[in-house]
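Okay, so here's the structure we're looking at.
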């Protein structure tokens, strides 16, 4: 069984993925025209990219108007040795944690949080800081997004 690690992406795959990142709802006919290939080729490539988990799903990017209704923040989290797995499990259960990444450098993890209000963010940060195994947190509130290209191919 093949997966994304065993399949090399060619230039057409990269162009197709880039087009889908701009508009995942684009029609197969339009994608075929943009890429200069047959519609059946677009359909089979999309199916292969989904099957091999190169494309793992489709989503919605919220407009700034919706995002402005609340607060977003990045939180650097340092954990005590051997407590990472439990901290990750508990953070995963918090609905306001949008993304959690293991990182190198000053922190062990960086979490992207969303909250509806400063008060809710304050409570969430208190919750995270009091988790068993969390040594230290450092928070940066997102003021605005200047560039958002999605994930690069």
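The values are calculated or read from the model by the stated rules, or taken from the named source; none is laboratory data. This structure is a prediction, so every number in the text was calculated from the model and none was measured. Neighbour counts run over all protein chains shown; Cβ positions are idealised from the backbone, glycine included.
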If we scan the stretch 2-19, do we find a residue that is loosely packed, with under 11 Cβ neighbours inside 10 Å, farther than 25 Å from residue 147 by Cβ, modelled with pLDDT under 90 and over 23 Å from the mean Cα position of the chain (by Cα)?
yes
Out of the stretch 25-40, which residues are in a helix (DSSP H, G or I) and either touching a residue at least 24 places away in the same chain (Cβ under 8 Å) or surrounded by fewer than 11 Cβ atoms within 10 Å (Cβ to Cβ) (or both)?
29, 40
Confirm whether residue 129 is in contact with a helix residue (DSSP H, G or I) (Cβ under 9 Å, 6 or more places away or on another chain), assigned by the TED database to the domain that holds residue 70 and surrounded by 13 or more Cβ atoms within 10 Å (Cβ to Cβ).
no
In the stretch 121-143, anything within 22 Å of the chain's Cα centre (by Cα) and in contact (Cβ under 8 Å) with a residue 40 or more places away in the chain is listed as 121, 125, 128, 137, 138, 139, 140, 141, 142
Check residue 112 against each of (1) surrounded by 13 or more Cβ atoms within 10 Å (Cβ to Cβ); (2) modelled with pLDDT under 90 and name the one condition it does not meet.
(2)
Taking residue 75, is it closer than 27 Å to residue 146 by Cβ, assigned by the TED database to the domain that holds residue 134, surrounded by 11 or more Cβ atoms within 10 Å (Cβ to Cβ) and modelled with pLDDT of 95 or more?
yes
